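Just below is one structure, and these are the notes that go with it.
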Amino acid sequence: MVSCQICFGGKTIPVSFFLCGLLICLAGCGIVTVLPAARFGRAEPWRAEILVAFWVLTGLLSAVGTVLRIEGELSWCPVFGMDGPVLPMMVLLSFTGGVSGSGRYGVACVLSGFAFLALSPLIFGLLVGTALILLVRKGWIGLCLPVAVVPATVPVDSLLFTPALCVMVLLLGKATSVQTGPSALLPGATGLFLLGRLLTESGVLPSVCQFFLLCCGCGVALSGSMQALRRSSSAGQLMSGLVTSGFGLLVVILVLAFGTTLEGGEQFRTAALLAAGAPFLSALVLLWLCQDTKDASPEQEEGASSLILPSRLKGRYAQGIMACALLFLSGLPPLGSFSVLWCFIGAAEQAARAVPPLQALAVIVLTVITSCVMVINILALLRLVLAVVRSRSAQEDKDIAQSIFTLLPALVCVAAAAVVAFFPGGWLAFADNLLAGTFERPFLWSKSITVWFISSSESYTPLYCVMALLLCAGCLQMFSTLFKISPLPQAQFQASFWQQGAPFIQAEKKELNSISPVPSDRQFNAQVDTFLGWQTYKVSVHTGWQKCVAAVSPLWQFVLRFCAVCEAQSGVLVLLFLGAGLFLGLFAG
């Protein structure tokens, strides 16, 4: 096995190069974002491209620094520095900033980038608090959001540490739920960065603190799920609810990984790292596609389940990208969120076996709550899919022109999500410093496509599962094409009685009114009866599988009649069996 890992020490030339490069790129992003249009002049039409170029350069510098494990600070600038979690978080922030664009959301991303590089907790709190205020400018939530960064300035051994963490989780969850765009991921990313550092520093929390933090995480997750399923009237609000739910689940995973003494801490930590990969990027894609735009033309139908869809989501290319993102985010096997669920359930099983019954019951209850939240999230995504299908069927005669270049941000993010989903081992080695662990996970070419653990021999390879599913689907399609069969009989068109090749016969008005269409439920029941062989028909009309069903149907009717006779004459049959047994017993004796 070949491993690849290069480390540089503290105050060296690489540290100066990467840190200064990141600061310059972030400053460029801020200038391009806030500069008035009059200052740009003829370059105003290229503002978005220039901004994306700065964010791309920020992401490349952060990715290279993460691979090289560059850490340290500068003696001539002690305000900013780089440690373990900073560079992986800057990679995720570069995706969010590039998709968010300009305006106050872009400024919030820039301030968050400077906050991640800040060494002083006070500077971090000022920058993050300003960014959160820019996200939510109105109402009581905007007034209270700066309180969310108080845990960064509170000592770990203080009595106010746990209440401050609980307030932070609740406020960041609320800030996420009120956003309707890519900026909804910014409070969650800030919470992941801050909570991971604080829990790593504090170590094992008291039982009461664990209980309150877990309750806050579960409450945020359930609230976000219900917002996505019931309380959202637009696709953007639905996705904000799903992101809120994911943030709550991530809080639960982090508390179990770093704040408790349960077994399976590495598995919980791996689940959190995987959640920051493909699910994060897929949620970013869906948030951008479902972002409320000015040209949104909602065609809201009657009923509480209708959703207002933006016009961006009504094109063929956008719906194809949405389908790929849903595959990574939904939690269905075998990609994306399913890997997170696999790690979580495996860690919960390992933890439940190694603790007393009362603690094991608490772990089981947490697992059940998490599973229920994920099921609700899948139903919410199904609601979004049904809304898209309904709008597509309503616009069959309208061809919406859409260029693939207008969807380039979503295309890049979904491609990155696919790479992370198919190569989870590489992502775990890349983002290993995002959350501190007991053992450092190196990059191994032999395990780049596998979810693996250092302290356990268990592994999971999503690519093999995808290949197996494709092989099964190909064999099924080949078998169906070769033998011309299908699981259900194909629907046949039934023409009216006057259109069978005979001359048109004018029927009376009463006869025409007396003809009523067959309800859809009766058609479905007839198809099921035909498939099971309970309906009589001519064998010569059907072929293949239907002939087999027709041949078995009389035998099935005979079995049913025989069972009915046995039930009616059960007493007589019992006596006959007893007599036969006694008669045979005489000869055997």
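The values are calculated or read from the model by the stated rules, or taken from the named source; none is laboratory data. Just so it is clear, the structure is predicted and the values come from calculations on it, not from any experiment. Cβ placement follows ideal geometry from the backbone for every residue including glycine, while neighbour counts extend to all protein chains displayed. Only protein heavy atoms, including side chains, enter the accessible area calculation; ligands, DNA and RNA are left aside. Shrake-Rupley method; radii C 1.70, N 1.55, O 1.52, S 1.80 Å.
Residue pairs, Cβ under 6 Å, 6 or more apart or interchain, first in region 156-173 and within 12 Å of residue 215 (Cα to Cα), second among the aromatic types (Phe, Trp, Tyr). List them.
The qualifying pairs are 166/212.
Any idea which of 264, 248 is small (Gly, Ala, Ser), at pLDDT below 90 and more than 12 Å from the chain's Cα centre (by Cα)?
264
So that you can scan it fast, the table gives a plain yes or no per residue for (1) within 24 Å of residue 362 (Cα to Cα); (2) more than 21 Å from the chain's Cα centre (by Cα); (3) among the basic types (Lys, Arg):
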residue	(1), (2), (3)
142	no, yes, no
179	no, no, no
213	yes, yes, no
233	no, no, no
236	no, no, no
240	no, no, no
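Among the residues of region 365-386, are any charged (D, E, K, R), surrounded by 13 or more Cβ atoms within 10 Å (Cβ to Cβ) and over 26 Å from residue 228 (Cα atoms)?
no
One line per residue, one yes/no per condition, for (1) open to solvent by less than 10 Å² (accessible area, probe 1.4 Å); (2) aliphatic (A, V, I, L, M); (3) touching a Leu at 6+ places or on another chain (Cβ under 8 Å):
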residue: 212; (1), (2), (3): no, no, no
residue: 215; (1), (2), (3): no, no, no
residue: 221; (1), (2), (3): yes, yes, yes
residue: 226; (1), (2), (3): no, yes, no
residue: 236; (1), (2), (3): yes, no, yes
residue: 241; (1), (2), (3): yes, no, yes
residue: 248; (1), (2), (3): yes, no, yes
residue: 257; (1), (2), (3): no, yes, yes
residue: 284; (1), (2), (3): yes, yes, yes
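Looking at region 401-434 only, could you name the residues that are touching a helix residue (DSSP H, G or I) at 6+ places or on another chain (Cβ under 7 Å), open to solvent by less than 20 Å² (accessible area, probe 1.4 Å), hydrophobic (A, V, I, L, M, F, W, C) and not in a loop (DSSP other than H, G, I, E, B)?
Selection gives 407, 410, 413, 414, 417, 421, 428, 434.
Go through (1) at pLDDT 90 or above; (2) more than 20 Å from residue 344 (Cα to Cα); (3) surrounded by 20 or more Cβ atoms within 10 Å (Cβ to Cβ) and name the single condition residue 232 misses.
(1)
Does residue 14 satisfy the criteria of being open to solvent by 60 Å² or more (accessible area, probe 1.4 Å) and either in contact with a helix residue (DSSP H, G or I) (Cβ under 9 Å, 6 or more places away or on another chain) or modelled with pLDDT under 85 (or both)?
no
Taking the conditions exactly as written (of a type outside the set (A, V, I, L, M, F, W, C), closer than 27 Å to residue 233 by Cα and open to solvent by 30 Å² or more (accessible area, probe 1.4 Å)), does residue 393 satisfy them or not?
Numbers: of a type outside the set (A, V, I, L, M, F, W, C): yes; closer than 27 Å to residue 233 by Cα: yes; open to solvent by 30 Å² or more (accessible area, probe 1.4 Å): yes.
Against the criterion (of a type outside the set (A, V, I, L, M, F, W, C), closer than 27 Å to residue 233 by Cα and open to solvent by 30 Å² or more (accessible area, probe 1.4 Å)), residue 393 qualifies.
Does residue 104 qualify as being on the phi > 0 side of the Ramachandran plot, modelled with pLDDT of 85 or more and open to solvent by 20 Å² or more (accessible area, probe 1.4 Å)?
Answer is no for this residue.
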